[in-house]
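The values are calculated or read from the model by the stated rules, or taken from the named source; none is laboratory data. Just so we're clear, the structure is a prediction, and the values are computed from it rather than from any experiment. Every residue, glycine among them, receives a Cβ derived from its backbone with ideal geometry; neighbour counts consider all protein chains shown. Side chains are part of the model used for accessible areas, which takes the heavy atoms of the whole protein and leaves out ligands, DNA and RNA. Shrake-Rupley method; radii C 1.70, N 1.55, O 1.52, S 1.80 Å.
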Amino acid sequence: MKFYKDHYDVIIVGGGLSGLSSALMLADKGKDVLVLERHNLPGGLATSFVRGGVEIEATLHEMMSIGDPGKRLKVGQFFDDMGVNIDWLEVPEAYHASLPGLEVTLHPGYERFAKEVDAAVPGSYQKVYDLLMLCDRVCNSMNELGIHPMSKPAMLLKHTDFVKTAGYSAQEVIDTFDLPQKAIDLMSPYWIYVGAPLSTLPFTIYAFLMADYIGSGSKVPKKLSHEMSMKMFARAEEMGVQIELKQPVEKILVKDGKAYGVRTKRGDEIHGDYVICSAYPNKVYTSMIEPAGEVPAGAIKAVNGRKIGVTAFTVFLLLDKTAEELGIKDYNVFKGDTMDTDAIFENYKTLGPYNYITTICLNLANPTCTPEGTCILSITALPRVDGWLKVGADEVDKVKHDIARSMVEEMSKYYGVNLLDHALEVIIETPMTVAHYTGMWNGCVYGYMHDMKDHVVARLQTADAEHFIKHLEFGSAHQLTGNGMGPQVTNGRKAAKYVLDSMAEEAK
Ligand SMILES: Cc1cc2nc3c(=O)[nH]c(=O)nc-3n(C[C@H](O)[C@H](O)[C@H](O)COP(=O)(O)OP(=O)(O)OC[C@H]3O[C@@H](n4cnc5c(N)ncnc54)[C@H](O)[C@@H]3O)c2cc1C
């Protein structure tokens, strides 16, 4: 029996959230789809691992764009529409900010959030609320324009705030509100979820982040992020998608400027009309196109012109007491020596100690995620690759243990308890771990950095010009909407839409 069909409509390289979303959407439109995943599990970074008999979430802190039943946001709606039924749990608060002179817990809901900031910084309510409302309007425009692109004059009339703020950084727009610095600090912690300082982060992205997380709150799947991966995988197979694990793709086959298939590491040559690829364009254009002479010069230039985003460093502690017993009260603590995001971004170039970390206690949203009487704490920093590229193989162990120790000591001081005294398991996830398990370029989990020259609005404008090879489309964190699990669903859908539109156009 032959393992593969002679031909597929679409071959998808990578079964992470983006690849699986493309597969679901294409199968829903009746296309014949093959997904090839290099790992022995689907989901990419949406995964978990087992230590001491306990399944531990590997990455997810919180999912954006889900919403409640009946009031679903776009990612939640896509899961519902595709018949992927996730058991969502509410994250109890937005975050606790532990910053110089500030210990403040903030909750979702614009009014509640503004009141809580006002309680810490009296007199700031109205300006905070107005800024949140601006974020809300810009976010609504982004959601609408993403689905119904419109002419420039129509946009000018209908989406005035979006147009007005599109050319400015988050810092520039926030400064126009003349807020006390402490209030700005309390509204800045989420910057880490996009990994770009406020001075270069487009306001559009900041607005989306704030409106989505503060406006609607966030969720986590009861059976960890792997629940999304496994249920998407199962549903895609049910819809007729062929998914093969442990099948790394080494080459994308191209002839006369058009992709026509792939070659796996095992040596199978598989043909299809279109290829959607999750591997970074850096990797694709430098080593995956066969023959190499088919790589257009413009492709390498475009890739080199982009800045690689941040990577991730996490220490997981499985602890021998409950969160309550250990005095852990908040789901999500953003802790920093400073909230100057430029200074933090500089510090992230080093090998630590990192001056801004985020800590999740998943049990506070998902009480039964670890055995009774225990809890799990994950402490994360998002360093840049600069420092890590200089670490030799013989130094990795020392470097990672030094960084991990400093992060655990910092949080031990914060909770007033020596966390290592209670650790049943300590697991360290480094940029190398990420690169090893997902093949992400330099272990970069966030794709290319959003800055004023390269962000969702600019990327929309250059998208057509960047189809260097016909019938080859990219999905994943390096694409239009950037990093995050919710945005990967959107990136995967965008890639599938491109393929469907292109098929329809060529059939005319
Ligand atoms: C510590 C940490 C915390 C995070 N927290 C959050 C959070 O709270 N909320 C959030 O939304 N996001 C979070 N993220 C980010 C989020 O996990 C990623 O942005 C997102 O999962 C990336 O999905 P992807 O589909 O782009 O890539 P991946 O998940 O890497 O999927 C790509 C897939 O393609 C496969 N692949 C690559 N090359 C090949 C090849 N040649 N052949 C076959 N298969 C291939 C890989 O094995 C992988 O399965 C976090 C990330 C980390 C590391």
Legend entry - Conditions (1) near the ligand (Cβ under 10 Å from one of its atoms); (2) open to solvent by less than 20 Å² (accessible area, probe 1.4 Å); (3) closer than 29 Å to residue 377 by Cα: number failed by residue 448: (1)
Inset, instruction - Hand me the list of helices (runs of 4 or more DSSP H) wholly inside region 112-167 holding 3 or more residues that are surrounded by 14 or more Cβ atoms within 10 Å (Cβ to Cβ). - result: 125-147, 160-165
Inset, instruction - Could you tell me which of the residues 227, 244 is among the acidic types (Asp, Glu) and surrounded by fewer than 17 Cβ atoms within 10 Å (Cβ to Cβ)? - result: 244
Legend entry - Candidates 234, 211 - the one that is touching a Lys or Arg at 6+ places or on another chain (Cβ under 9 Å) and either open to solvent by 40 Å² or more (accessible area, probe 1.4 Å) or in a helix (DSSP H, G or I) (or both): 211
Inset, instruction - Please state which one of 379, 427, 403 is in the same structural domain as residue 328 (by TED's automatic domain parsing), touching a helix residue (DSSP H, G or I) at 6+ places or on another chain (Cβ under 6 Å) and modelled with pLDDT of 90 or more. - result: 379
Inset, instruction - Report whether or not residue 73 is touching a Gly at 6+ places or on another chain (Cβ under 7 Å) and away from the ligand (no atom under 15 Å from the Cβ). - result: no
Inset, instruction - Please verify whether region 444-466 includes one or more residues that are touching a strand residue (DSSP E or B) at 6+ places or on another chain (Cβ under 9 Å), modelled with pLDDT of 95 or more and not aromatic (Phe, Trp, Tyr). - result: no
Inset, instruction - Just name the residue that is farthest from residue 360 (Cα to Cα) out of those in region 388-438 that are part of a loop (DSSP other than H, G, I, E, B) and β-branched (Val, Ile, Thr). - result: 391
Inset, instruction - Among the residues of region 283-300, write down those that are surrounded by 13 or more Cβ atoms within 10 Å (Cβ to Cβ), assigned to a helix (DSSP H, G or I) and of a type in the set (A, V, I, L, M, F, W, C). - result: 284, 288, 299, 300
Legend entry - Qualifying residues in region 168-181 (those that are under 23 Å from residue 120 (Cα atoms) and surrounded by 18 or more Cβ atoms within 10 Å (Cβ to Cβ)) - the one nearest to the chain's Cα centre (by Cα): 170
Inset, instruction - Among what's in region 79-111 and is aromatic (Phe, Trp, Tyr) and touching a strand residue (DSSP E or B) at 6+ places or on another chain (Cβ under 9 Å), pick the residue that is surrounded by the most Cβ atoms within 10 Å (Cβ to Cβ). - result: 95
Inset, instruction - Please work out which residue is nearest to the ligand (Cβ to nearest atom), limiting yourself to region 303-321 and to residues that are surrounded by fewer than 16 Cβ atoms within 10 Å (Cβ to Cβ) and either under 30 Å from residue 454 (Cβ atoms) or not charged (D, E, K, R) (or both). - result: 307
Inset, instruction - Report yes if some residue within region 188-205 is open to solvent by 20 Å² or more (accessible area, probe 1.4 Å), within 30 Å of residue 28 (Cβ to Cβ) and not aromatic (Phe, Trp, Tyr); otherwise report no. - result: no
Inset, instruction - Restricting attention to region 451-462, report how many residues are surrounded by 14 or more Cβ atoms within 10 Å (Cβ to Cβ) and out of contact with any His (no Cβ under 8 Å at 6 or more places or on another chain). - result: 8
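Quick grid of which residues meet (1) β-branched (Val, Ile, Thr); (2) within 11 Å of the ligand (Cβ to nearest atom); (3) not assigned by TED's automatic domain parsing to the domain that holds residue 174:
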site	(1), (2), (3)
203	no, no, no
210	no, no, no
242	no, no, yes
253	no, no, yes
263	no, yes, yes
272	no, no, yes
281	no, no, yes
301	no, no, yes
